[in-house]
Each structure stands twice: as C-alpha cells, then as structure tokens.
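A.B. asks: After the structure tokens below, expect a handful of questions from me.
The values are calculated or read from the model by the stated rules, or taken from the named source; none is laboratory data. For clarity, every value in this text was computed on a predicted model and none was experimentally measured. Methodologically, a virtual Cβ is constructed for each residue, glycine included, from the backbone with ideal geometry; neighbour enumeration extends over all protein chains shown. Accessible surface areas use protein heavy atoms only, side chains included; no ligands, DNA or RNA. Shrake-Rupley method; radii C 1.70, N 1.55, O 1.52, S 1.80 Å.
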Amino acid sequence: MQRQAERKNEQEEDNREQKDEKKNDEIPLMALNHVSRLCKDVKKTVDFYTKVLGFVLIQRPQAFDFDGAWLFNYGVGIHLVHAKDEDRLPNDTDNLDPMDNHISFQSEDMEGMVQRLEQFKIKYLKRTVGEEEEGAAIDQLFFKDPDGFMIEICNCENVKLVPQRSIGRIKFPSDRHNPPVDLGKHDNNAAKA
C-alpha cells in the first residue's frame, strides 16, 4: 500500500514536471498590440488614420513627454510619434511598390475601400494575385499614409495558412476573425485558440 502511494506521488511529480517543461516551451504572446509610426505632423496623420481607415483616437498615458497620439480599432493600435528627425521618414512618398515594407488590413469590401480611397483622393495601386478558379485569388490595394509609410488592404481571409515547420503552434485570439487553417499532415493541435 505504501509502495502504491509512493508510485502515485512519483507519477504526479513527473506529470507536474512535464507540464512545467511544456509551459516553459510555450511563448507567452497573445496578439499584435500596436504598430508604431513616426510622423511629420501628428494632427494630419491622425486625421488620415481616423477618416480614411476608421481608427479611433484614444487617450495615451500622460507620462509621455513627447508629441504623439494613440489610435485603436480592428484589434490593433497605431502609435504615432512626432519625428524630430524627418530623415528617419521614408524618402520616396510617391512610389507604390507592393514589395516595400507595409502594414496590411483585411477588408470584406474591396470595392468599398476603392471608393473610400477615391473619395479622399488617395493614390493607390490595385492588383490581384493568384488564380480565382482555385479560390486563392487575393485582391490588394496599396497606398501610403501622409508620411510615406505603405499600407495594404486585402481580402486575404480565404487564404489557407499551411504551417511549413512544426517549430510552434499557430495561435488565434478566440474573439477575432481567424483565417482558415490547412493542417494537412501536420500536428492537429497546431491551430489553438
């Protein structure tokens, strides 16, 4: 009887150690919180993100002793910081190159976004990538904010995420839109809320 209790205690200790090891392997990240952007004119950039893209100006901590603004919507924040050195801003504010650094937002209404960009007289590049017959066509709009940072609007929600390696698990916040995931022969636990 005592031997059984000792084995049970050993097994419970092994289970705790395995859980601790597994917990230590997991990266404790939840989601993208915000993107930070330098800007020449905070008010002008706030107007762009609120009027064109529907972001909401929110209060930022009063402890910050520099000019800036915080915006939030769609589950992500944009933190604007007044650029003391404008040489740190993009030089080419006119060229629209889809291969340039950019942030991307999903849209359910690409034509509605085209109309919005045209309403605000914003230069944009429109393209479709992939084959529509295969269900993998992606519509994309590229344009720049007032400081020359590239923005993409796409309808990427139907593109399947197919893990290429099993380094980690794909995690989705349970309260947000999630794209379809094709786990194929991969770990069935790879998509975890």
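A.B. asks: If you project the alpha carbons of segment 49-107 onto the principal axes, what extent comes out on each, in Å, largest first?
C.D. replies: 37, 33, 17
A.B. asks: With every protein chain kept in place and ligands, DNA and RNA left out, what is the accessible area per residue of segment 17-127? Probe 1.4 Å, answer in Å².
C.D. replies: Counting only protein heavy atoms, the per-residue value for segment 17-127 is 74 Å².
A.B. asks: Are there GluC sites (Glu not before Pro) in segment 90-148 that DSSP puts in a loop and that have at most 11 other Cβ atoms within 10 Å, and which ones?
C.D. replies: Those satisfying the criteria are Glu108, Glu131, Glu132, Glu133, Glu134.
A.B. asks: Which entries in Lys43/Lys160; Lys43/Lys123; Lys40/Lys126; Lys84/Lys160; Lys121/Lys171; Lys84/Lys171 show an alpha-carbon gap greater than 31 Å?
C.D. replies: From Lys43/Lys160; Lys43/Lys123; Lys40/Lys126; Lys84/Lys160; Lys121/Lys171; Lys84/Lys171, over 31 Å: Lys43/Lys160; Lys84/Lys160; Lys121/Lys171; Lys84/Lys171.
A.B. asks: Can you compute log10 of I(q)/I(0) for segment 76-153 with the Debye formula, treating each Cα as one identical point scatterer, at q = 0.16 Å⁻¹?
C.D. replies: Summing over Cα pairs of segment 76-153 leads to -0.68.
A.B. asks: State, to one decimal in nm, how far the label point of Met30 lies from the label point of Arg60, with both points 7 Å from Cα in the Cβ direction.
C.D. replies: Placing both labels 7 Å along Cα→Cβ, they lie 2.1 nm apart.
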